[in-house]
Structure formats: C-alpha cells, structure tokens
Amino acid sequence: MKRSWQSRDWSHFIKLFRGLTFYERFEQAIILTLIALIMLVTAIATIHLIGAVWHLVVDVGIDPINQTIFQAIFGAIFTVIISLEFKHSLLVVLAQHENVIRVRTIVLIALLAIARKFILLDLHDVTAMELFALSAAVLALGAVYWLVRDQDARVARDAREQAHLEDNPAARCEPERSSS
C-alpha cells in the first residue's frame with residue numbers, strides 16, 4: 001500500500017524531532033506556535049480587508065480622487081504581505097532546522113514595513129524631519145541588505161569553489177592563470 005506524502009512528511013518530521021536536544025525542541029515548539037499565531041492574525045486581517053473592500057465597492061463606491069481610501073486599502077494589503085513574509089521566514093527556519101532567522105530576511109521585512117509607512121503617510125501632516133528619518137532608515141536598511149546579500153554571494157561562491165576542488169582533485173594541481 002502506498003503511503004501519502006503527508007504521512008511520509010510527518011514520519012520524517014517525527015524522526016528529525018527525536019534527534020533534537022531539549023532546547024532545540026523548545027525552539028521548534030515556539031516557532032510552530034508563532035507560525036500558528038501569524039496564520040491566525042493573517043487570516044483575520046485578510047477577512048477584514050475583504051470586508052473593507054466589499055464595503056467600498058458595494059456600499060460607498062470607490063472614489064478615485066479620494067487617496068485616503070487607497071492609502072488605507074494598500075496599507076492593509078502591505079500588512080498582510082508583511083505577515084506572510086514573516087511566516088515564510090519562520091517556515092524556512094523550521095524546515096532547515098536553523099537556529100536563527102537570516103538577517104537578510106529581517107531587513108527585507110523592515111523595508112516592507114517602511115514602504116507601508118510611506119504609503120500611509122499623509123503629506124499634509126508629516127514634517128520634513130519625519131520624512132528625513134524614514135528616508136535615512138530606508139537608505140541604511142538598503143545598505144545593510146546590499147552588504148548582507150554581497151556577503152551571502154561570496155560565501156556561496158566560496159562553497160561552490162571548495163566543492164569543486166573536493167570533487168576534482170586534479171583542479172588543485174592546476175596553476176592559477178593570470179588575467180593579464
């Protein structure tokens with residue numbers, strides 16, 4: 001009898017879970033709890049978003065001139081996207097049995113949150129200093145994201161080169177060619 005993919009995945013998960021230390025099991029339980037909470041909050045936010053859009057379309061009618069309505073709707077959409085990205089990052093940690101969430105993911109989520117803030121800004125109420133602070137935050141996060149991405153690319157390249165050398169012992173004996 002052929003087993004379903006769910007039962008295979010579940011039995012694989014149980015085997016991996018048994019091999020973890022007590023603290024690693026604790027971390028996995030916390031991550032599973034956070035994922036469940038994020039899924040609940042995301043589902044509720046999506047239901048509220050659907051209700052708000054339905055109310056706008058059916059009862060009020062969408063006024064293309066009223067930017068406040070569009071800001072509110074797109075702000076709610078970004079909130080759902082941010083929560084989905086956060087849940088995805090926790091799922092990756094859970095699936096790969098890593099102990100940390102990657103800095104790159106956290107910076108990406110922060111950039112999404114600031115983009116949401118820019119969408120929700122009312123230009124009549126915001127001060128120049130607030131705009132400067134948000135712009136500086138975007139610039140700093142962008143620089144950090146670029147540095148982390150560059151570092152990840154170097155680590156991946158070095159790992160590929162190391163794997164190539166281990167797979168091809170003859171490659172270690174070849175002299176390096178100069179580019180001149």
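Only the coordinates and a few stated rules stand behind these numbers; no lab work does. Quantities reported herein were computed from a predicted structural model and do not represent experimental measurements. All Cβ positions, even for glycine, are placed from backbone atoms using ideal geometry, and neighbour counts span all protein chains on display.
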Shape call, segment 5-169: gyration tensor on alpha carbons, a/c limit 1.5: oblate
Using θ = phi - 60° and the Karplus form 6.51 cos²θ - 1.76 cosθ + 1.60, what ³J(HN,Hα) does each residue of segment 74-88 get, whole Hz, x for Gly and Pro? 5, x, 5, 5, 5, 4, 5, 4, 4, 5, 5, 5, 5, 4, 4
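Where in segment 52-152 are there GluC sites (Glu not before Pro) that are in a DSSP coil and have at most 15 other Cβ atoms within 10 angstrom of their Cβ?
Details: sites: Glu85, Glu98, Glu130; in loops: Glu98.
Within segment 52-152, the qualifying GluC sites (Glu not before Pro) (loop, at most 15 other Cβ atoms within 10 Å) are Glu98.
Residues with beta-carbon under 12 Å from that of Arg160, excluding Arg160: net charge, scoring Lys, Arg +1 and Asp, Glu -1?
-2
Evaluate the charge dipole of segment 5-169 about its Cα centre and quote only its size in Debye, nearest 20, assuming +1 on the Cβ of each Lys and Arg and -1 on the Cβ of each Asp and Glu. Mind showing how you got there, number by number?
On the way: 13 positive and 16 negative charges, 90 e Å.
Its charge dipole is roughly 440 debye.
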Taking the dipole about the Cα centre of segment 5-169, with the C-beta of Lys and Arg at +1 and of Asp and Glu at -1, give me whichever of Tyr145, Gly19, Leu165 is farthest to the positive side. Gly19
Just how far, in whole angstrom, is segment 117-131 from segment 20-34 if you go by their alpha carbon centroids? 40 Å
For segment 55-60, Karplus-derived ³J(HN,Hα) couplings (6.51, -1.76, 1.60; θ = phi - 60°; whole Hz; x for glycine and proline) come out as 4, 5, 6, 7, 8, 8
